1. So how many residues does the range 159-186 have that are assigned to a helix (DSSP H, G or I) and open to solvent by less than 70 Å² (accessible area, probe 1.4 Å)?
2. What tally of residues in the range 48-74 results from selecting those that are hydrophobic (A, V, I, L, M, F, W, C), over 13 Å from Gly149 (Cα atoms) and either touching a Gly at 6+ places or on another chain (Cβ under 9 Å) or modelled with pLDDT of 60 or more (or both)?
3. Taking the options Arg77, Arg127, Arg95, name whichever one is at pLDDT below 90 and under 21 Å from Leu187 (Cβ atoms).
4. So how many residues does the range 130-158 have that are at pLDDT 90 or above, of a type in the set (S, T, N, Q) and open to solvent by less than 60 Å² (accessible area, probe 1.4 Å)?
5. Of all strands (runs of 3 or more DSSP E) completely enclosed by the range 77-158, which ones contain at least 1 residues that are farther than 23 Å from Ile182 by Cβ and among the acidic types (Asp, Glu)?
6. Can you name the number of the only condition in (1) open to solvent by 60 Å² or more (accessible area, probe 1.4 Å); (2) at pLDDT below 75 that Gly20 fails?
7. Could you give me the residue pairs with C-beta distances under 6 Å whose first residue belongs to the range 89-118 and is free of Cβ contacts under 8 Å to residues at least 40 places away in the same chain, whose second residue is part of a strand (DSSP E or B) wherever it lies, and which are 6+ apart or on separate chains?
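The values are calculated or read from the model by the stated rules, or taken from the named source; none is laboratory data. Predicted model, so just to flag it, every value in this text is computed and none were measured. Cβ placement follows ideal geometry from the backbone for every residue including glycine, while neighbour counts extend to all protein chains displayed. All accessible areas refer to the heavy atoms of the entire protein, side chains included, with ligands and DNA or RNA removed. Shrake-Rupley method; radii C 1.70, N 1.55, O 1.52, S 1.80 Å.
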Amino acid sequence: MDMVTGNIIYLVVLLVGLVGFTLINRRPNFSQMGKALALWGVIFMTILVGVLLWNDLRGQIQPQQVVLTDQAVTVPRAADGHFYLTLEVNGTPTRFVVDTGATAIVLTRADAEAAGVDTGSLVFSGRANTANGTVETAPVRLDTLALGGSLDTGVRAVVNNGEMDESLLGMSYLSRFSRLEIADGQLLLER
């Protein structure tokens, strides 16, 4: 269950409780009870709209990755505490989670297919230990990998055969930068 669904369920339970409390305490005066229920309904709908719109607004308010020069990129920390970078894999924009705990660049099957990798012919001969257990991986070589003004060719990566929401940008790529700094809620990568 995601956070928005949990918040909506919480608000519905809260509204039911408030309606029940109002019905019990205002039983004799139906006019006042109707006004109180209408007021709580307006409050509930305002909070519900705020919760539903927050995720959309957060994506527009929060700054995205910024290319400072041909060799430097900054990206703000996302609300979930992670850093996300969009790189071009074989010319296809692909979103990655920056993962200093991952050894390699790890692509989801969907991201690999979008980048032109023939996933049907992959041999899943490797194994990787993850927080969710051991998964099978297949080695691939990416024709190009671009971030800002930095272009790398013939980059080694793996395709994950397990369930994974986002591709991971591991240390095999991050170590190509002479400077990797996290400060004041921002990640700076510099060549």
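1. To start, the set of residues in the range 159-186 that are assigned to a helix (DSSP H, G or I) comprises 171-174.
Checking which are open to solvent by less than 70 Å² (accessible area, probe 1.4 Å) leaves us with 172-174.
Going through the range 159-186 one residue at a time, the tally reaches 3.
2. Going through the range 48-74, the residues hydrophobic (A, V, I, L, M, F, W, C) turn out to be 48-49, 51-54, 57, 61, 66-68, 72-73.
Cutting the leftovers down to over 13 Å from Gly149 (Cα atoms) gives us 48-49, 51-54, 57, 61.
Applying the additional criterion that residues be either touching a Gly at 6+ places or on another chain (Cβ under 9 Å) or modelled with pLDDT of 60 or more (or both) yields 48-49, 51-54, 57.
Total meeting the criteria: 7.
3. On the way: Arg127 fails: under 21 Å from Leu187 (Cβ atoms); Arg95 fails: at pLDDT below 90.
So the residue among Arg77, Arg127, Arg95 that is at pLDDT below 90 and under 21 Å from Leu187 (Cβ atoms) is Arg77.
4. So the answer is 2.
5. On the way: elements: 84-89, 92-98, 126-130, 133-147.
Answer list for the range 77-158: 84-89, 133-147.
6. Answer for Gly20: the failing condition is (1).
7. Between residues of the range 89-118 that are free of Cβ contacts under 8 Å to residues at least 40 places away in the same chain and residues that are part of a strand (DSSP E or B), the close pairs are Pro93/Thr86; Ala114/Thr92; Ala115/Val89; Ala115/Thr92.
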